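Everything below concerns the one structure shown next.
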Amino acid sequence: MKKYFLAVDIGASSGRHILGTLENGKIKFDEIYRFPNGMENIDGSLCWNTDALFYEIKQGLKKCRELGKIPVCMGIDTWAVDYVLLDENDCPIGKSYGYRDSRMQGMDTKVYEEISLKELYERTGIQKQIFNTIYQLTADREKEPKRLDQAKSLLMIPDYFNFLLTGVKKTEYTNATTTQLVDPETKDWDSSLIKRLGFPEEIFQEIAVPGTFVGNFTEEIQEEIGFDCQVVLPATHDTGSAVAAIPTEDDQALYISSGTWSLMGTELKKADCSLESMKANLTNEGGVDFRFRYLKNIMGLWMIQSVKKEFDTEYSFSYLCEMASKQTIPSIVDCNDESFLAPDSMIKAVKDYCIKTSQQVPKSEWETAAVIYHSLAECYARTIREIESLTGKTYEKIYVVGGGANAGYLNELTAKYTGCTVYAGPSEATAIGSLLLQMRYAGCFKDLKEARNCVAQSFEIEIYEPENIGGKAS
Ligand code: LFR
């Protein structure tokens, strides 16, 4: 009898249920359900609709029953940093704010009144991102103190869905590290930091690593869905699961987890919390088996997704790539500029940046897309140099995983700007990583190396050589 595993992978723009199994030592999977996602503007704040998302999670589970493919276990992953506060009756308090909301403006200064940026990095190893949970909780403390007064538990978004399914509260480790409140040495909450910032310590739940059993479905859920299932923790931070699925045994490989964000980095056994690393704005996110994902957040395909939304006609991403590849505009923007985080119009934000930096201003939507693709590839090249100087290694290969692995034109440019060979795929790396961790929990793999090797055997990886496309850019 085939054993099915279910990855529920919810990204910032869509969610999907992926049923996976092992067949002759290879991973096979099917997307059985997909639904849209996005932050909604509620009374001027960007929020997640967690009720709608939980409804969709259950719809996808019902689909398993309809197909007669009941998974032995399931795992949920989402983006990071966002959370739900629960009151004494375990009801959510107020809005589920999204990380692109502007309420964190100025909250960095408030945090630095208690602890300097340098000490914060030394203690946590986490890159400054204004949307990190630490700044969001500071916004709660400063602007809506009642939220924290009433709160009895804090659950990260996937932990909250696990709680709704099982009644069990746990905080998964890889996602917990993105709060910027976890100690990379002890791998546990930094309680003295939490106290210094005036956050109620008792709301933070026990931390559990990927591969931990959370619980079975509650009776109510079993009745509604029609079956019971074990809920297991993958890396509930999507990037953690994606990186678990890079198709190589080399644990010092360079990767880009490419989707709404481009997360570019490598793995380290020990976090680098040095001043140099802080200056390069590199982060040490907690990973599977306590490997650290040493990486940089780069604005990523969000820029392209946003431009695409503004077009009058609905084009596919591949057509966008094709048209962008025909443009000759030389302008480059700094993808990590804050003006690209949540602009009303991405097209205007790119134009404004070009005007500000006295570069050629894109006239058409295709030129705008070309500027973005070139700028991303250029940013990847700069980031490699920073990582090389910090790790003392040189990289000749880049593993691109996630939806962005399908952007052929971007892969070409990445090879060209970086001078590295690009290995692109699998595009469903996050869901595959979640499946791997569930399969390892069920005893199908002995370790991560074996699991990653299985990814390399199971999927076609596209190779882009720099010399075939014009050599290293200057
Ligand atoms: C990617 C991701 C990044 C995180 C960003 C915000 O989906 O999880 O790793 O920095 O979203 O949570």
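The values are calculated or read from the model by the stated rules, or taken from the named source; none is laboratory data. Not measured: the values here are computed from a predicted model. For neighbour counting, all protein chains shown are included, and Cβ atoms are generated from backbone atoms with ideal geometry for every residue, glycine included.
Couple of notes before you dig in:
- Complete set of residues in region 53-69 that are more than 19 Å from Asp101 (Cα to Cα) and under 21 Å from the mean Cα position of the chain (by Cα): Phe54, Glu56, Ile57
- The set of residues in region 257-280 being under 25 Å from Val307 (Cβ atoms) and either modelled with pLDDT under 95 or of a type in the set (Val, Ile, Thr) (or both) consists of Thr260 alone.
- Flag for Gly392 being on the phi > 0 side of the Ramachandran plot, surrounded by fewer than 22 Cβ atoms within 10 Å (Cβ to Cβ) and without any contact (Cβ under 8 Å) to a residue 24 or more places away in the chain: yes
- Looking only at region 3-55, residues that are assigned to a strand (DSSP E or B), more than 22 Å from Ile246 (Cα to Cα) and away from the ligand (no atom under 16 Å from the Cβ) come to 8 in all.
- Region 80-102, subset within 15 Å of the ligand (Cβ to nearest atom) and among the acidic types (Asp, Glu), residue surrounded by the most Cβ atoms within 10 Å (Cβ to Cβ): Asp82
- Residue match in region 146-156 (condition: of a type in the set (Asp, Glu) and either closer than 30 Å to Ile70 by Cα or buried (at least 16 other Cβ atoms within 10 Å of the Cβ) (or both)): no
- From Thr179, Thr171, Thr133, residue being within 14 Å of the ligand (Cβ to nearest atom), under 22 Å from Val231 (Cβ atoms) and under 22 Å from the mean Cα position of the chain (by Cα): Thr179
- Odd one out for Thr260, checked against (1) out of contact with any strand residue (DSSP E or B) (no Cβ under 7 Å at 6 or more places or on another chain); (2) over 30 Å from Arg65 (Cα atoms); (3) in the same structural domain as Gln136 (by TED's automatic domain parsing): (3)
- For first residues located in region 10-33 and outside the structural domain of Cys47 (by TED's automatic domain parsing) and more than 20 Å from Gly259 (Cα to Cα), partners that are more than 16 Å from the ligand (Cβ to nearest atom) and among the aliphatic types (A, V, I, L, M) and lie 6+ apart or on another chain with Cβ distances below 7 Å do not occur.
- Screening region 218-260 for residues that are among the acidic types (Asp, Glu) and farther than 22 Å from Phe29 by Cα and picking the one that is nearest to the ligand (Cβ to nearest atom) gives Asp251.
- Scanning region 281-299 for residues that are away from the ligand (no atom under 12 Å from the Cβ) and within 30 Å of Val350 (Cβ to Cβ) gives Asn281, Leu282, Tyr294.
- Top-ranked residue of region 278-303 - restricted to ones that are β-branched (Val, Ile, Thr) and crowded, with 24+ Cβ neighbours inside 10 Å, ranked as nearest to Arg100 (Cα to Cα): Thr283
- Those helices (runs of 4 or more DSSP H) lying entirely in region 96-170 with at least 2 residues within 24 Å of Leu86 (Cβ to Cβ) and touching a residue at least 40 places away in the same chain (Cβ under 8 Å): 133-143, 145-150, 157-166
- Whenever a residue of region 79-92 is at pLDDT 95 or above, its partners that are of a type in the set (A, V, I, L, M) and within 11 Å of the ligand (Cβ to nearest atom), lying with C-beta atoms within less than 7 angstrom and at least six residues away or across chains, give the pairs Trp79/Ala12; Asp82/Ile157; Tyr83/Met156; Tyr83/Ile157; Val84/Ile157.
- First in region 50-77 and under 16 Å from Phe5 (Cα atoms), second anywhere and in a strand (DSSP E or B) and acidic (Asp, Glu), Cβ under 7 Å, 6 or more apart: Asp77/Asp9
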